[in-house]
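*Asks:* Okay, handing you the structure first.
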Amino acid sequence: MDDEAVIIMSQSKRRLTKLKLLSNFFENVVIISIYIKTDIIHNLFQENKALDYHKLELFHLQYTDSLIELLTKIKKK
């Protein structure tokens, strides 16, 4: 695994941690389900080195980051 892949996987793990904390805070079945599915996607990329890590980054940018931002705003209010 090259340096860029290590960085992407590390950032992915941080996003998962944030999402898990938020899902625990809200205790909502849908949010917990989203966390589990995101974790599965992360594990697929971690186990299968042939997959393009940039696609994992793109997934997080399009979906995970938006959800984390939305849940964080709701939590603050």
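*Asks:* I need a count of the residues in region 23-53 that are part of a helix (DSSP H, G or I), farther than 11 Å from Thr64 by Cβ and touching a residue at least 12 places away in the same chain (Cβ under 8 Å).
*Replies:* Total satisfying the criteria: 7.
Listed here are the residues, each with its yes/no results for (1) at pLDDT 95 or above; (2) farther than 23 Å from Asp2 by Cα.
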position	(1), (2)
Lys37	yes, yes
Ile41	yes, no
Asp65	yes, yes
Lys77	no, yes
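*Asks:* Which residue pairs have Cβ atoms under 8 Å apart, sit 6 or more places apart or on different chains, and have a first residue in region 62-77 that is of a type in the set (Asp, Glu) and a second that is in a helix (DSSP H, G or I) and modelled with pLDDT of 95 or more?
*Replies:* Close Cβ pairs (under 8 Å, with a partner that is in a helix (DSSP H, G or I) and modelled with pLDDT of 95 or more) amount to Asp65/Arg15.
*Asks:* Turning to a different aspect of this structure: Filter region 1-26 down to residues that are among the charged types (D, E, K, R) and at pLDDT 95 or above and give me whichever is nearest to the chain's Cα centre (by Cα).
*Replies:* Arg15
The values are calculated or read from the model by the stated rules, or taken from the named source; none is laboratory data. Fair warning: this is a prediction, and the values are worked out from it, not measured in the lab. A quick note on method: Cβ atoms are made from the backbone with ideal geometry, for glycine too, and the neighbour counts reach across all protein chains shown.
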